[in-house]
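Enquirer: Here it is, the structure, as structure tokens.
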Amino acid sequence: MEKKRVLITGAAGFLGSHLCDRFIKDGFHVIAMDNLITGRLSNIEHLFPNENFEFYHQDVSQFIHVPGKLDYILHFASPASPIDYLKIPIQTLKVGSLGIHNCLGLARVKNARVLIASTSEVYGDPEVHPQTEEYWGNVNPIGPRGVYDEAKRFQEAMTMAYHTYHGLETRIVRIFNTYGPRMRLNDGRVLPAFIGQSLRGEDLTVFGDGSQTRAFCYVDDLIEGIVRLLFSDYSDPVNIGNPDEITIGEFAEEIIKLTGTSQKVIYKDLPVNDPKQRQPDITKAKEILDWSPKVSREEGLKLTYEYFKSLSEEELHHKEHNNFDAYIK
Ligand code: UDP
């Protein structure tokens, strides 16, 4: 039987690369696309020898052309950490707007189903806790996070419009904090920051007083949720995340215990508009997808720490993994 063909944008990134692995494993033909600003070829180079894998070095914000049939498009291209989208704000806005427009246009031509990566950031600094899909959010459009939050909100609006007015098959996943192997060590996210600091013998930087909360989902659980959503018939947004909530201060203590570092916690200013609390309500995912996370934080953190420990000294001390300069216009 002819293989189903899936286009994955942002394929060389953290989540994109795990999706590539999953779809190859499940017998798909995978067309991976990335402009490699924040993605890294090392995340997917093990797939290059596979005849069912092809890579397009392309910016999805520009016109995209993919020959042949396409069954599914997964739009995962976007900077996704506060440091990244502060460095490349315009590209962040473009990939969430022009990028999704190109994907949706391509999907119409190919009669493909589209799944977009949305985010808990659409809820902003939430006044409703835990966050249900019905909550509309508390976002500052002109704050430093606005370029990401509003791009993702626009992306949802655009996707729903194609669904409603063009009858396109669409799926929207709202991804909460996720961690695991292949996160970039210096992307500014809290987990690689703390583990990197431990491995380099530096103090752990907690922003604010550490009382803000997050709930961390292991990447394998997230990927399973996304695959289930793609093959479901549900077109409204679905939260996927692990509701096990923790303060950032407690999280720092867990990392100190895990890594056995003798370093201490130091406190820095809380970034502007940093959400005070975040926890997914996953009732919908449970009911509609029969999905809930399986990997405990203890287990997931161990697996993630193993990955970071396996990095070379050079990578560990490298300050910049990104290739922003070539793309800043
Ligand atoms: N954070 C921290 N120290 C760091 C990096 C992040 O205390 O070195 C905090 C950050 O202010 C936020 C939380 O950890 O409250 C999660 O940050 P991350 O950037 O990972 O994700 P997001 O804020 O988008 O949930």
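Enquirer: Using only Cα atoms, what is the ratio of the radius of gyration of segment 185-266 to 2.2 N^0.38 Å?
Expert: Normalised by 2.2 N^0.38 Å, the Cα Rg of segment 185-266 equals 1.35.
Enquirer: Say each of Glu2 and Lys25 gets a label point 7 Å from the Cα, pointing the same way as Cα to Cβ; how far apart are those two points in nm?
Expert: Distance between the two pseudo-spin positions: 2.8 nm.
Enquirer: Further question on the same structure: Which of the DSSP-defined H helices in the chain satisfy a minimum axial length of 24 Å, computed from C-alpha atoms, and a minimum mean Kyte-Doolittle hydropathy of 0.0?
Expert: Those that clear 24 Å and a mean of 0.0 are 89-110.
Enquirer: For each pair in Lys152/Lys268; Lys284/Lys309; Lys257/Lys309; Lys257/Lys294; Lys4/Lys152; Lys87/Lys152, compute the distance between the two Cα atoms and list the pairs where it is over 26 Å.
Expert: Those over the limit are Lys152/Lys268; Lys284/Lys309; Lys4/Lys152.
Enquirer: Please work out the FRET efficiency for the pair Asp209 and Asn52, using the Cβ-Cβ distance as r and a Förster radius of 45 Å; give the result to the nearest 0.05.
Expert: It comes out at approximately 0.35.
Enquirer: Further question on the same structure: How many percent of DSSP beta bridges within the chain run antiparallel, rounded to 5?
Expert: Close to 10 percent.
Enquirer: I need the fraction of alpha carbon pairs in segment 249-295 separated by more than 13 Å, rounded to a whole percent.
Expert: 74
Enquirer: Long-range amide H contacts for Cys217: which residues qualify at under 5 Å (H placed 1.01 Å from N, peptide plane, sequence gap of 5 or more or a different chain)?
Expert: Thr178, Tyr179, Asn242
Enquirer: Kindly write out, for segment 268-275 in residue order, the coupling ³J(HN,Hα) from the Karplus curve 6.51 cos²θ - 1.76 cosθ + 1.60 (θ = phi - 60°), rounded to whole Hz, with x marking Gly and Pro.
Expert: Couplings: 10, 4, 6, x, 4, 6, 5, x Hz.
Enquirer: Pick out, from Leu168, Pro89, Ile266, the residue whose Cα sits farthest towards the positive end of the charge dipole of the chain, with +1 on the Cβ of Lys and Arg and -1 on the Cβ of Asp and Glu.
Expert: Going by the Cα projections, it comes out as Leu168.
Enquirer: Here's a follow-up. Can you figure out the FRET efficiency of Leu270 with Met160, using R₀ = 35 Å and their beta-carbon distance, to the nearest 0.05?
Expert: 0.55
Enquirer: Still on this structure: Calculate for the chain the 222 nm mean residue ellipticity that helices alone would give, adding -39,500 (n - 2.57) per DSSP H run of length 4 or more and normalising by residue count, nearest 500 deg cm²/dmol.
Expert: Only helices count here, giving -11500 deg cm²/dmol.
Enquirer: Whole-Hz ³J(HN,Hα) for each residue in segment 129-136, computed from phi via Karplus 6.51 cos²θ - 1.76 cosθ + 1.60 with θ = phi - 60°, x for glycine and proline: what do you get?
Expert: Going residue by residue, I get 9, x, 8, 9, 5, 7, 6, 8 Hz, with x marking Gly and Pro.
Enquirer: Can you list residues from other chains, or at least 5 along the same chain, whose modelled amide H is less than 5 Å from the amide H of Gly208?
Expert: For Gly208, the qualifying residues are Lys268, Asp269, Leu270.
Enquirer: Can I ask one more? Measure off 7 Å from each Cα along the Cα-to-Cβ vector at Leu316 and Ile90, then give the distance between these two points in nanometres to one decimal.
Expert: Label-label distance for Leu316 and Ile90, simple model: 3.9 nm.
Rule-based calculations on the coordinates, nothing more; no lab input. Since we're looking at a predicted model, the values are computed, not measured. All Cβ positions, glycine included, derive from the backbone under ideal geometry; neighbour counts span all protein chains shown.
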